[in-house]
Amino acid sequence: MQRYDYLIIGAGSAGCVLANRLSAQSNNSVAVFESGPDSNSWKVDMPSALLYTMHDPNMNWKYYSEPEPHLNNRKIFCPRGKMIGGCSSHNGMVFVRGHAEDFNRWSKNGLSKWSYRHVLPYFKKLETSLEGESQYRGKNGPLQVSKSKVNEKFPLFQAALNAAVEAGYPISEDFNGYMQDGFGTYDLTIKDG
């Protein structure tokens, strides 16, 4: 039986990154276990096909919440990726960081190195923003990040943004930048597609 220095359960985003980092040190042996299939599928490569992956029991754990009393006891669908890449393989190639306020709350509760100020440099290292480098955006990372052009292609989307403004909600030009609250278009990890 082969022995490993590290055993990682789950080949989602975190598991894959951790395996990569650990195996980069040549003296480490790492095994990654994933119960789902390889994510080499048109269902993963085509952003709008996420509806297929979310309902395919081979690619999704198909979890549901407990009955929600304030929702007439309905159970809410909670898709979780069951494939190489985990949930990142069925998210429509949307790129959204965690909210700065969440990181700052963790920092205030004792995880001082998890403030948004501390994690922002790592977010920037992760991406190459095709919009250009800025205080919040990176330029040399492995993920090519671009702005969605949905508002240019679908007039109904722009109408929805206008309705949000009329209702008093803010518009965010960059959910991964300074203004993370409000309505707007998402960043995508799609290049030349």
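Laboratory data are not the source of any read-out in this text; all were calculated from the coordinates shown. Just so we're clear, the structure is a prediction, and the values are computed from it rather than from any experiment. Heads up, the Cβs are rebuilt from the backbone with ideal geometry, glycines too, and the neighbour counts pull from every protein chain shown.
In percent, what relative contact order does the chain have, based on Cα pairs under 8 Å that are 6 or more apart in sequence?
Relative contact order here is 14 percent.
Take every Cα-Cα pair in the range 109-148 and report what % of them are more than 16 Å apart.
For the range 109-148, the fraction of Cα-Cα distances above 16 Å is 38 percent.
For the range 114-155, which trypsin sites (Lys or Arg not before Pro) pass both filters: DSSP loop (anything but H, G, I, E, B) and at most 14 other C-beta atoms within 10 Å?
Filter output for the range 114-155: K149.
Based only on other Cβ atoms within 10 Å, what is the fewest-to-most ordering of I190, I84, I9?
Lowest count first: I9, I190, I84.
Need the full-extension length gain, L143 to S26, defined as separation in residues times 0.36 nm minus the C-alpha distance. One decimal, nm.
Extra length from L143 to S26 when fully extended: 39.7 nm.
Taking just the alpha-carbon atoms of the chain, what radius of gyration and Dmax come out, in angstrom?
For the chain, the Cα radius of gyration and maximum Cα-Cα distance read 19.2, 65 Å.
Which chymotrypsin sites (Phe, Trp or Tyr not before Pro) in the range 50-131 sit in a loop by DSSP (not H, G, I, E or B) and have at most 16 other Cβ atoms within 10 Å of their own Cβ?
W61
Return a single number: how many Lys pairs in the chain, at a sequence separation of 8 or more or on separate chains, have alpha-carbon atoms below 20 angstrom apart.
Step by step, the pairs that qualify in the chain add up to 18.
Once the principal axes of the Cα atoms of the range 82-134 are found, what is the range along each, listed largest first in whole angstroms?
Projected onto the principal axes, the Cα atoms of the range 82-134 cover 33, 32, 15 Å.
Order by neighbour count: M46, M1, M83, M59, fewest other Cβ atoms within 10 Å first, most last.
In order of increasing Cβ crowding within 10 Å: M1, M46, M59, M83.
Run the quick spin-label model on F154 and H99: label points 7 Å from Cα toward the beta carbon, then report their separation in nm to one decimal.
2.3
With equal scatterers on the alpha carbons only and no solvent term, can you work out the Debye log10 of I(q)/I(0) for the range 94-193 at 0.10 1/Å?
Here log10 of I(q) over I(0) equals -0.32.
For the chain, which longest stretch is free of loop sites, where a loop site is one of the GluC sites (Glu not before Pro) that DSSP puts outside H, G, I, E and B and that has at most 15 other Cβ atoms within 10 Å?
1-130
Using Cβ contacts closer than 10 Å as the measure, can you line up I8, I171 from fewest to most?
Ordered from fewest to most neighbouring Cβ atoms within 10 Å, I8, I171 come out as I171, I8.
So what is the calculated 222 nm ellipticity per residue for the chain, using -39500 (n - 2.57) for each DSSP H run with n of 4 or more, over all residues, to the nearest 500 deg cm²/dmol?
Here the helix-only value at 222 nm equals -8000 deg cm²/dmol.
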